[in-house]
There are 2 protein chains.
Amino acid sequence: MAEAPGRPKVVIIGAGFGGLAAAKALGGTDLVVTVVDRLNYHLFQPLLYQVALAGLAATDVACPIRRILRHHANVEVLLDEVRQIDLPRRRVHLADGITLAYDYLIVAAGAETSYFGHDEWAPIAPDIKDLDDALEIRRRVLSALEAAERTDDPQEKRRLLTFVVVGGGPTGVELAGAIADLSAEILHEDFRRVKPSETRVVLVEMADRLLLAFEPKLSESTRLQLGELGVEVRLGVRVEQIDDDGVLVGGEVIQSRTVLWAAGVRPSPLAAALGAPRDRSGRIVVEPDCTLPGHREVFVIGDMASLTPAGASVPLPGISPVAIQEGQAAARNILRAKGSLPTEPFRYFDKGFMATIGRARAVAKLGRLRMTGLVAWLAWVFVHLWYLVGFRNRLVVFLNWIWAYLMANPGARIIAGGSPRRPPGMQGGKRRATPEPPGYHQAFNRLK
Amino acid sequence: MAEAPGRPKVVIIGAGFGGLAAAKALGGTDLVVTVVDRLNYHLFQPLLYQVALAGLAATDVACPIRRILRHHANVEVLLDEVRQIDLPRRRVHLADGITLAYDYLIVAAGAETSYFGHDEWAPIAPDIKDLDDALEIRRRVLSALEAAERTDDPQEKRRLLTFVVVGGGPTGVELAGAIADLSAEILHEDFRRVKPSETRVVLVEMADRLLLAFEPKLSESTRLQLGELGVEVRLGVRVEQIDDDGVLVGGEVIQSRTVLWAAGVRPSPLAAALGAPRDRSGRIVVEPDCTLPGHREVFVIGDMASLTPAGASVPLPGISPVAIQEGQAAARNILRAKGSLPTEPFRYFDKGFMATIGRARAVAKLGRLRMTGLVAWLAWVFVHLWYLVGFRNRLVVFLNWIWAYLMANPGARIIAGGSPRRPPGMQGGKRRATPEPPGYHQAFNRLK
């Protein structure tokens, strides 16, 4: 690292939307900035479900962090994991033994999946947080279809062709819609023994409507649009049990070999380690300028921070526009503090909210506009292309989408990555910890 | 499977170049064809090294097998692994318990990597045979560069920046050239503390020249072109030992944290299981019509078969044009046999041979033409685009290439896939079974 006595040091933990926005805003200043992330890529998470199910390559939605920041000579990137933050001594200890001193710290380590106290469900019902997760979900869905093509047991075939998505937020809605679209297309064209009408996609949500962050009218539109795709929506029911045979939900057993989890998030464990008061979901209750209480040199932003705007009753949601704007605000406040100016409270500019439902449907709230169906989907395409990191990615994703929209995209139906090295048959990745049901193998003998 | 008494059944094991060519040639006939492969995709192996190192996405070089064969209603695809071939009873037993009966069998299971009796080197020096291998190699090379950026220990930095490729065939030449190109580019642009001039790429070959399948003049051109890229070529030396600290080759220790293996292949274990005479490299010595001796209904093709053309002194090489033509010939002979016609001996039409060396260099032999440098590279691009499976792949690969040629392609520098779930730091995937060298971690403390 460039030795620069006197030049203040900024450490940014996490290169998600928040951390990256802060790093960019501090690029070209006379601060010495170090960005630490445990992955070498920044992920455009809103499109991750498309890597799993809807025709994008892993490389289309991600870009190496150091690539994004390469033009900022004062910004350094370290691929490493944070072990400990020493607030009194203003130091960050990394897994590889490196210690970084800071004058200002931005903690933007994001959120991880919460199984609501049932971590034993994680191997059975994977979540979708990074590229390896997306490839794992792709592997499971495609492997289930392959196994259904092989089996002669009608009951097992039904289990293999039933997909359950837990959680009716944007991710759950997107996953359910994409599975419905994908299975309809490829079963129709590429498979011989399985028909599209045999698949079943069930979306389960604890609340009494989908997309709680929207107003009820758009929630209802989402439910109707999912219905058009053949997705069964179960509202107001709680998942009681998940095992290799399926889920128990509201007293009913849904037999399924593929359960996906999109139900809850909790902040990175670093939040608890900072020792400050936290809200009900574990996020740190930050000061109005996003600083950690008692530490004006430490900013906590994005999914780790709980900030209730003046006059509002609930904290800002854990979505990328909030993280980006908080990152930019933290950078501005660091520059102000360095110039001995008082920091400014964070003000969120609400640009809206949107979610896709399959290939050509969506709901969107943009300012005062409310859109549904194809119009909302076109707005979604435009906004997401606009924000996608890096020109090449934007171009390739755009071409891929055009292509995927016109005809099915075979490249992204390859089973690779995710769980490694298993023969991709019935095992379906990490599953199958429990014994096969009796008669399972015998049913396969199709010698004639 | 469609029950069709009286319609002869063909089972094809393997959907590589040979098996796929046979399946396509049998599509639309009145035979009932079943293709079995343990992967769901056909791989365009000649471009696999580009997924590892040179800017292609995994999805660009692969296509689902059932997608390729979807228009042939008489061809079925099974994702499964072969456990046993019962020649007397004409049955194939699969891992999932399925048994397939056949009238004709095409065995095209290809080759796997041979470590020449040193299988313990496999975890240290990965090979490149499928997409997961390519992603693992990408992970290791990029992780080594990341670790070099972190370290303050000059000796460790040198080890991290030294890349050894074992094997001077086309794959080894391609890998070495691609590492040299990649590290030059991204170290120049994206890294702060590591300079391109600090990297070292060593290509080790046991024979006294590279690319033994070419004539010596082209081998020499290859050596010179690699030299222009900065690759050190060591000829006539044998690898004696590989461990976590590097390789021992011809009595000299080359300290390195990244060793790649491209030195040898051996046929699939199914070759030995067929019980027929085999050549020195383990391939089955087939009849002139590619049938298994004593079994006129069983064809063995591609990398598993050893066939010496009339008048030639050596068997045909294990390359894709041979496999493709053998697959087509096997299909023709099955149709002849079914019509009670005698089978015809296989005749190979030699289209030539080519290998790339980095971004804009190659050697090629096409008929009587011999090309080197940029001209050969352009010929290589043209031929490979032409043969790439599927129109979309062809278009996307072409766009990617244009892009990669004009400027560096960041998307394919993402560390995902390959070895799963490890924090991608110093561990570099599956390596580091041995303890760290002393002082290794202390060296990282860069607190100032």
Practice task
Using Cα pairs closer than 8 Å and at least 6 residues apart in sequence, work out the relative contact order for region A:20-165, in percent.
Solution key: 22 percent
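Given the pairs B:K217/B:K351; A:K129/B:K157; A:K157/A:K195; B:K129/B:K195; A:K217/A:K365, which are separated by over 22 angstrom at their Cα positions? The partial results should precede the final answer.
Working: B:K217/B:K351 19 Å; A:K129/B:K157 32 Å; A:K157/A:K195 11 Å; B:K129/B:K195 31 Å; A:K217/A:K365 11 Å.
Result: A:K129/B:K157; B:K129/B:K195 exceed 22 Å.
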Handout entry: Net charge dipole size for the protein assembly as shown [Lys, Arg +1 and Asp, Glu -1 on Cβ; Debye, nearest 20]
Key = 1260 debye
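Please list A:T291, A:T171 from largest to smallest accessible area, probe radius 1.4 Å, with all protein chains kept in place.
On the way: A:T291 0, A:T171 55 Å².
Largest accessible area first, the residues go A:T171, A:T291.
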Exercise for the section: Using a 1.4 angstrom probe on the protein heavy atoms only, line up B:L47, A:L369 by accessible area, largest first. Expected result: A:L369, B:L47
Exercise for the section: Rounded to whole Hz and in sequence order, give me ³J(HN,Hα) for region A:91-102 from the Karplus expression 6.51 cos²θ - 1.76 cosθ + 1.60, θ = phi - 60°, writing x for Gly and Pro. Expected result: 9, 10, 9, 9, 4, 7, x, 6, 10, 10, 8, 9
Handout entry: Dipole of chain B [Lys/Arg +1, Asp/Glu -1 at C-beta], most positive-end residue of B:A111, B:F44, B:L210
Key = B:F44
Handout entry: Positive-end extreme of charge dipole, chain A - chosen from A:P342, A:G18, A:C63 (charges on Cβ)
Key = A:C63
Problem - In Hz, Karplus ³J(HN,Hα) per residue of region B:263-268 (6.51, -1.76, 1.60; θ = phi - 60°; x = Gly, Pro) - result: 9, x, 10, 9, x, 3
Exercise for the section: Measure nothing but the geometry: give the 0 to 90° angle between the long axis through the Cα atoms of A:391-406 and the longest principal axis through the Cα atoms of chain A, rounded to 10°. Expected result: 20 degrees
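Largest first, what is the accessible-area ranking of B:I68, A:I106 with a 1.4 Å probe?
Largest accessible area first, the list is B:I68, A:I106.
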Practice task
Along Cα-to-Cβ, 7 Å out, sits the label point; list in nm, shortest first, how far the one on A:G236 is from those in the other copies.
Solution key: 8.5
Completion exercise
Amide H proximity to A:V249 below 5 Å, modelled H, separation 5+ or other chain, gives A:E240, A:I254
Handout entry: Directionally averaged projected area (convex hull, Cα atoms, region B:75-209), nm²
Key = 13.0 nm²
Practice task
Please give the helix B:17-26 orientation as an angle from the longest Cα principal axis of chain B, in degrees from 0 to 90, rounded to the nearest 10.
Solution key: 30 degrees
Handout entry: Cut-off 9 Å between beta-carbons: net charge of the residues surrounding B:G246, Lys and Arg +1, Asp and Glu -1
Key = -1
Handout entry: Beta bridge orientation in the protein assembly as shown: antiparallel %, DSSP, nearest 5
Key = 50 percent
Handout entry: Label-point separation in nm, A:V383 to B:E240, each point 7 Å along Cα→Cβ
Key = 6.6 nm
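So how strong a dipole does chain B carry about its Cα centre when Lys and Arg Cβ are +1 and Asp and Glu Cβ are -1, to the nearest 20 debye?
Details: 54 positive and 49 negative charges, 146 e Å.
Dipole of chain B, to the nearest 20 debye: 700 debye.
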Practice task
Calculate the translational D of chain A in whole µm² s⁻¹ from Stokes-Einstein, where the hydrodynamic radius comes from the Kirkwood formula applied to all Cα pairs, the temperature is 4 °C and the viscosity 1.567 mPa s.
Solution key: 56 µm²/s
Exercise for the section: May I ask you to list the lysines whose Cα is less than 21 Å away from that of B:K338, ignoring any residue fewer than eight positions away on the same chain? Expected result: A:K448, B:K9, B:K24
Practice task
Nearest 5 is fine: what % of DSSP beta bridges in chain A come out antiparallel, could you say?
Solution key: 50 percent
Practice task
Give me the accessible area of A:E215, 1.4 Å probe, in Å² rounded to the nearest 10.
Solution key: 60 Å²
Handout entry: Unit Cα scatterers, Debye sum, region A:257-337: log10 I(q)/I(0) for q = 0.20, 0.24, 0.27 Å⁻¹
Key = -0.90, -1.22, -1.44
Completion exercise
Computed from every Cα-Cα pair in region B:213-258, P(r) in 5 Å bins starting at 0 and rounded to whole percents is 5, 19, 19, 19, 19, 14, 4, 0
Handout entry: Crossing angle, helix B:373-387 versus chain B [Cα axis fit, 0-90 degrees, rounded to tens]
Key = 40 degrees
Handout entry: Relative contact order (%) - criterion: Cα under 8 Å, at least six apart; region: chain B
Key = 20 percent
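In the neighborhood of A:E185, defined by Cβ-to-Cβ distances under 12 Å, what is the net charge if each Lys or Arg adds +1 and each Asp or Glu adds -1?
Working: positive: A:R359, A:R413, B:R67, B:R70; negative: A:D181, A:E189, A:D190.
Local charge sum for A:E185: +1.
Can you compute the charge dipole magnitude of region B:60-105 about its Cα centre, using +1 on each Lys and Arg Cβ and -1 on each Asp and Glu Cβ, nothing else charged? Give it in debye, rounded to the nearest 20. Don't skip to the answer; put the middle values down first.
Details: 7 positive and 7 negative charges, 26 e Å.
Dipole about the Cα centre, nearest 20: 120 debye.
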Handout entry: Taking region B:1-102 and dividing mean pair separation by its residue count, relative contact order in percent (alpha carbons under 8 Å, at least six apart)
Key = 27 percent
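Name the chymotrypsin sites (Phe, Trp or Tyr not before Pro) in region A:308-392 that are in a loop by DSSP and that have at most 12 other C-beta atoms within 10 Å, would you? The partial results should precede the final answer.
Working: sites: A:F346, A:Y348, A:F349, A:F353, A:W377, A:W380, A:F382, A:W386, A:Y387, A:F391; in loops: A:F346, A:Y348, A:F349.
Qualifying residues, ordered by number: A:F349.
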Practice task
Take every DSSP beta bridge whose two residues both sit in region A:1-135, then give the antiparallel share in percent to the nearest 5.
Solution key: 40 percent
Fill in the blank from the handout: For the protein assembly as shown, the Debye formula with one identical point scatterer on each Cα and no solvent gives log10 I(q)/I(0) at q = 0.08, 0.09 Å⁻¹ as -0.77, -0.97
Practice task
For A:E215 paired with B:Q255, estimate the spin-label separation in nm (one decimal), with each label point 7 Å from Cα along the Cα-to-Cβ line.
Solution key: 6.8 nm
Fill in the blank from the handout: Here the correct list, in nm and shortest first, of distances from A:S197 to the same site in the other copies, label points 7 Å along Cα→Cβ, is 7.2
Fill in the blank from the handout: Inter-copy distances for A:E297, nm, shortest first, label points 7 Å along Cα→Cβ, are 8.2
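The values are calculated or read from the model by the stated rules, or taken from the named source; none is laboratory data. Predicted model only: the values in this text are computed from it and were never measured. Cβ sites come from the backbone with ideal geometry, for glycine too, and all protein chains shown count toward neighbours. The accessibility values were calculated without ligands, DNA or RNA, using every heavy atom of the protein model including side chains. Shrake-Rupley method; radii C 1.70, N 1.55, O 1.52, S 1.80 Å.
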